[in-house]
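Below you'll find the structure, written out as structure tokens, and then a few comments.
Read-outs throughout are calculated quantities, based only on the coordinates presented, and are distinct from any laboratory measurement. The model shown is predicted, which means the values in this text are computed figures rather than measured ones. As a convention, Cβ positions derive from the backbone with ideal geometry for all residues, glycine included, and neighbour counts pool all protein chains shown.
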Amino acid sequence: MTTLLEPEHREHVTDPLDDITQQTGESPYQVFSDWIDMTVASFSGDEDAYQKPLDRYRTDGRDEETVRELATLHANALGGLVLAMEETREDILGGVYEYYGLTSEHFAQYFTPGTVSRAMAEMNLPDTDSLREATPEDPLVVGDVSGCGSGRLIVDIARRLRGMAPETPTVFLGYDKDPLCAKMAVLNFVLNDMTGYVLLGDALKLDARRVWFISTAQLIRGDHPVRELDTSERDRVLARFFGVPLVDDLDEDTDAGAAQDESDTPDVDPESIPEEPTSTSLDVSLAPDETSQAGFDEFA
Ligand SMILES: C[S@@+](CC[C@H](N)C(=O)[O-])C[C@H]1O[C@@H](n2cnc3c(N)ncnc32)[C@H](O)[C@@H]1O
């Protein structure tokens, strides 16, 4: 089953993307993937990733003016997405993905229909004790971690929470093995002002090839709202939320690790060793300005 968006809303996004398809002769999947990549890149300040599709347009022999026009169409699709979200409060990203899936074998997944997702959000709301007890140091954790798709279920829970307990410090988690789905979830987190992490990897194996931290509060500090985590930060997210032991912890827990620690310890002044980050030092204790449950309207 799909989310059938009204054409008038969907076309805010699909018209510019279809223009790109027509101009370049590339598949709707390629154009949609490029658009998602460029939008994540612009929210994370990754200029190289933003330029990648544009460089491909250039190497395909297009002049600078045409490349600029194509870049403008990508930007128009983002403007259209924001507009359509304001008009409908639906998961437009997931809906557009499903719309293209009707005509292309490359769009593999279908997501929970909006009405069902909202009902599920209602049924999965945290109890009042959990809401009351959440603190910035020990926030409420809400996730769809066995395949979040475009993230619509988490978005629906976030919206519902915002209505009933706007001050509750909350971390949202998404996990998907499909890169396009994980990146759509990242964008939905940004556009719905949700603080949290999206993991790209196989949730059954608890691997995470990429992890993004999303917080629009970073904008206030002049940073981008999306930050891709490095390897050690990724490991700490897996440790903090999924109980995956850190390698350091494993070393300490085994005799081999302990023996190695002893034999390998260099004769240096402990004061001169910089403090290693630990699992509790990860940015999951949220500063008050990162726990905003402010809605989409405030973000816009
Ligand atoms: C049917 S969709 C549901 C998406 C979303 N939960 C919803 O309700 O709309 C299933 C999603 O799970 C993802 N998925 C399947 N197996 C997975 C795995 N082992 N690890 C992470 N994601 C997985 C797929 O990529 C897909 O996006």
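Summarise the long-distance tail of P(r) for the range 1-149 by giving the % of C-alpha pairs beyond 20 Å. Mind dumping the intermediate values first?
Details: 6357 of 11026 pairs.
That tail contains 58 percent of the Cα-Cα pairs.
At ASP15 and ASP248, where each label point lies 7 Å from the Cα along Cα→Cβ, what is the point-to-point distance in nanometres?
Label at ASP15, label at ASP248, 5.4 nm between them.
Would you mind pulling out the separation of the Cα centroids of the range 184-243 and the range 85-130, in Å?
20 Å
Calculate one ³J(HN,Hα) per residue across the range 73-90 by plugging θ = phi - 60° into the Karplus curve 6.51 cos²θ - 1.76 cosθ + 1.60, and present them in order as whole Hz with x for glycine and proline.
The phi angles translate into 5, 4, 5, 4, 5, 5, x, x, 5, 4, 4, 5, 5, 5, 6, 10, 6, 9 Hz.
Amide H to amide H under 5 Å from GLY143: which residues, 5+ apart in sequence or cross-chain, H placed 1.01 Å off N in plane?
Residues meeting the amide H criterion: LEU173.
With the cut-off at 1.5 for a/c, could you classify the range 94-174 from its C-alpha gyration tensor as rounded, prolate or oblate?
On the way: a/c = 3.29, a/b = 2.39, b/c = 1.38.
It comes out prolate by the Cα gyration axes.
Let me know the charge dipole size of the range 7-101 about its Cα centre in debye, to the nearest 20, where only the beta-carbon of Lys, Arg (+1) and Asp, Glu (-1) is charged.
On the way: 7 positive and 22 negative charges, 27 e Å.
Computed charge dipole of the range 7-101: roughly 120 debye.
Name the residue farthest towards the positive end of the dipole of the range 7-101 from the options VAL40, LEU83, GLN22, assuming +1 on Cβ of Lys and Arg, -1 on Cβ of Asp and Glu, about the Cα centre.
VAL40
Take the Cβ-Cβ distance between ASP48 and MET164 as r, set R0 to 35 Å, and report the resulting FRET efficiency rounded to the nearest 0.05. Numbers along the way, then the final one.
Details: r = 42 Å, r/R0 = 1.19.
Step by step, r from the Cβ atoms, then E = 0.25.
What is the order of ASP230, ASP37, fewest Cβ neighbours within 10 Å to most? Can you show the working numbers first?
Numbers: ASP230 9, ASP37 19.
Going from sparsest to densest Cβ surroundings: ASP230, ASP37.
Return P(r) of the range 51-122 (all Cα-Cα pairs; 5 Å bins starting at 0; whole %; ordered from short to long distances).
Binned Cα distances yield the sequence 3, 13, 16, 14, 19, 15, 9, 5, 3, 2, 0.
Subtract the Cα-Cα distance of ARG58 and GLU8 from 0.36 nm times their separation in residues, and report this length gain in nm to one decimal. The partial results should precede the final answer.
On the way: separation 50, 0.36 × 50 = 18.00 nm, distance 3.24 nm.
Stretched out fully, the ARG58 to GLU8 stretch lengthens by 14.8 nm.
Mind ordering 220-229, 189-198 by average Cβ neighbours within 10 Å, highest first?
Working: 220-229: 15.9, 189-198: 26.0.
The most tightly packed comes first, giving 189-198, 220-229.
Please report MET184, MET85, MET120 as a ranked list, fewest other C-beta atoms within 10 angstrom at the top and most at the bottom. It would help to have the intermediate numbers written out before the result.
Details: MET184 29, MET85 22, MET120 15.
Least crowded to most crowded, the residues run MET120, MET85, MET184.
Report ³J(HN,Hα) in whole Hz for each residue of the range 132-143, in order, from the Karplus equation J = 6.51 cos²θ - 1.76 cosθ + 1.60 where θ = phi - 60°; Gly and Pro get x.
Coupling constants for the range 132-143: 5, 7, 5, 10, x, 6, 9, x, 5, 10, 10, x Hz.
Go through 232-244, 91-103 and give me the packing order, highest mean Cβ count within 10 Å leading.
Details: 232-244: 17.7, 91-103: 22.4.
Put in order of decreasing packing, that is 91-103, 232-244.
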